[in-house]
Amino acid sequence: MPPLAWLMVALVFGAAAAGFGRPAWRSYRARESRDLNTERYRAWRGHTVRGQPPPTREGMTLGERRRIYGAAAFGALALVALVAFFLTS
């Protein structure tokens, strides 16, 4: 395969990784931010017990985790294609 084709494959897979993983990452970060704001508001209103440890974080949902793994796979393919570009050029 010509070197420019490998470069195009790398760019396509890189864009796919970003497009596939970004919505999951944004929703995860937004939920974490909302949870933190809720905790701060409850503490400000006096609804929390002093000395009580903050509740544990939920982490990513199963769907978000799948999207992040898929984005990582696309990213790995992009890196392989980029290495192939450098090796063939």
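Throughout, read-outs are computed from the coordinates displayed, never taken from laboratory work. What you see is a predicted model, and the numbers here were worked out from it, not measured in a lab. A quick note on method: Cβ atoms are made from the backbone with ideal geometry, for glycine too, and the neighbour counts reach across all protein chains shown.
Structure data summary
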| read-out | value |
| --- | --- |
| Degrees, to the nearest 10: 3-45 long Cα axis against longest axis of the chain | 0 degrees |
| 0 to 90° range, to nearest 10: angle between helix 62-88 axis and the chain longest Cα axis | 30 degrees |
| Among 20, 38, 5 - extreme Cα towards positive end, dipole of the chain, charges at beta-carbon | 38 |
| Given (i) 63, 28, 18; (ii) 39, 29, 21; (iii) 66, 20, 18, the label whose value is Cα extents along the principal axes in Å derived from this model | (iii) |
| Cα-projected label distance for residue 87 with residue 30, points at 7 Å along beta-carbon direction, nm | 4.1 nm |
| Most fluctuating residue given options 24, 71, 43, as computed from a GNM of the chain linking Cα atoms under 10 Å | 43 |
| Neighbour-limited loop hits for trypsin sites (Lys or Arg not before Pro), the stretch 1-51 (at most 14 other Cβ within 10 Å; DSSP other than H, G, I, E, B) | 50 |
| For the chain: relative contact order, % (alpha-carbon pairs under 8 angstrom, 6 or more apart) | 67 percent |
